[in-house]
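The values are calculated or read from the model by the stated rules, or taken from the named source; none is laboratory data. This one's a predicted model, so the numbers in the text were calculated from it and none came from an experiment. Here the Cβ is made from the backbone with ideal geometry for all residues, glycine too, and neighbour counts use every protein chain on show.
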Amino acid sequence: MSAVLAVSGLQKSFGGIVVARDVNLTLHRGRIVGLIGPNGAGKTSLFNLITGVVKPDAGAVVLDGESLNTLKLHQRIRRGLSRTWQNIRLFPSLPVIDNLLVATHDYPGERLVNILFRRTRLRTHNKAARDKAMDVLGKMGLAGVADDRVVDLPYGQQKLIGVARALMGDAKCLLLDEPMAGVEGQSYAAMQRVVREVAEHGVAVCVVEHNVAFIRDLCDEGVFMFSGAIMARGSVAELIRDPQLTELYFGH
């Protein structure tokens, strides 16, 4: 099985608060891993360390055989690492499609020479980017709202748009941080379908989620975190049946 992301010996503390304790995690191509655990377990902190938002005290992050340790967030994204955020971080006053277009890599319009002398290339790139954005939105059932402002849409659709934006960069590894918070109905089913399709195209996926039913039905493997450390691995169903882990997760 081909490993896309390999995290080894990752450690981080803020004063006396340890958010990562010698974390080792491997994500494989085409597989979906569910990262579960109580609030404060270090799940989002782990995503921040992997993506370079926070610098680790020790450890290594390797994507497709390349060390990411010295790279910043935008550089890691260009290498094929992508993520969503708990608070979405969209541009609410912009149309949906523009929120996707800003995530395209190596936009030729950023170079003055292209604006002045290579307008055909610029138009070709813009059309290709828009076609891709419409394709991604179509898979999520959002093509009909492409020109609507994000702020005018229900929260569940906004969460889907956050995932859609993360897919604009041809990611090798996709990290989803609580994609189901506030999502229900048709958006719930669409989220499951889209994540499965992403994995079927060879992307390694890791999902942080408190909706246990969602990740139980979706994920190939579960990883349980507590107090910055990985406590157990197995199927999600096995993890939530474990009395010790259940007590750590839900309390007495």
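Worth a mention:
- Those strands (runs of 3 or more DSSP E) lying entirely in the stretch 149-252 with at least 1 residues farther than 20 Å from V4 by Cβ and touching a strand residue (DSSP E or B) at 6+ places or on another chain (Cβ under 9 Å): 221-226, 229-234
- Flag if G16 is modelled with pLDDT under 95 and surrounded by fewer than 18 Cβ atoms within 10 Å (Cβ to Cβ): yes
- Residue in the stretch 50-70 that is within 13 Å of V208 (Cβ to Cβ) and buried (at least 17 other Cβ atoms within 10 Å of the Cβ) present: yes
- Taken over the stretch 141-169, residues that are under 17 Å from R196 (Cα atoms) and crowded, with 20+ Cβ neighbours inside 10 Å amount to 9.
- Taken together, the criteria exclude G234 from residues that are free of Cβ contacts under 8 Å to residues at least 24 places away in the same chain, out of contact with any Ser or Thr (no Cβ under 8 Å at 6 or more places or on another chain) and closer than 19 Å to V96 by Cβ.
- Residue pairs whose Cβ atoms lie under 8 Å apart, sitting 6 or more positions apart in sequence or on different chains, and linking a residue in the stretch 129-150 that is in contact (Cβ under 8 Å) with a residue 12 or more places away in the chain to a partner that is among the acidic types (D, E), are K139/E197.
- Enumeration of residues in the stretch 1-28 that are part of a loop (DSSP other than H, G, I, E, B) and under 26 Å from I240 (Cβ atoms): M1
- In the set (1) assigned to a strand (DSSP E or B); (2) at pLDDT below 95, the condition left unmet by P38 is number (1).
- When the stretch 5-30 is filtered for residues that are out of contact with any Ser or Thr (no Cβ under 7 Å at 6 or more places or on another chain), without any contact (Cβ under 8 Å) to a residue 60 or more places away in the chain and hydrophobic (A, V, I, L, M, F, W, C), the ones remaining, listed by number, are V7, L10, F14, I17.
- Among residues of the stretch 71-97 that are farther than 15 Å from V151 by Cβ, those with a Cβ under 6 angstrom from a residue that is part of a loop (DSSP other than H, G, I, E, B) and of a type in the set (A, V, I, L, M), sequence gap 6+ or separate chain, pair up as L73/V53; R76/L68; G80/A171; S82/A171.
- Candidate set: the stretch 206-235, residues that are β-branched (V, I, T) and more than 22 Å from R21 (Cα to Cα); chosen: the one surrounded by the fewest Cβ atoms within 10 Å (Cβ to Cβ): V212
- Of note, N69 does not satisfy the criterion of being farther than 18 Å from V163 by Cβ and out of contact with any strand residue (DSSP E or B) (no Cβ under 8 Å at 6 or more places or on another chain).
- Annotation: L49 fulfils all but one of (1) part of a helix (DSSP H, G or I); (2) at positive phi; the unmet one is (2).
- Among the residues of the stretch 54-72, the one identified as under 29 Å from Q158 (Cα atoms), part of a loop (DSSP other than H, G, I, E, B) and touching a helix residue (DSSP H, G or I) at 6+ places or on another chain (Cβ under 6 Å) is V54.
- Residues (surrounded by 12 or more Cβ atoms within 10 Å (Cβ to Cβ) and either small (G, A, S) or in a loop (DSSP other than H, G, I, E, B) (or both)) located in the stretch 73-93: G80, S82, T84, W85, Q86, I88, L90, F91, P92
- For the stretch 52-70, the set of residues classified as on the phi > 0 side of the Ramachandran plot and touching a residue at least 40 places away in the same chain (Cβ under 8 Å) consists of G59, D64, listed by residue number.
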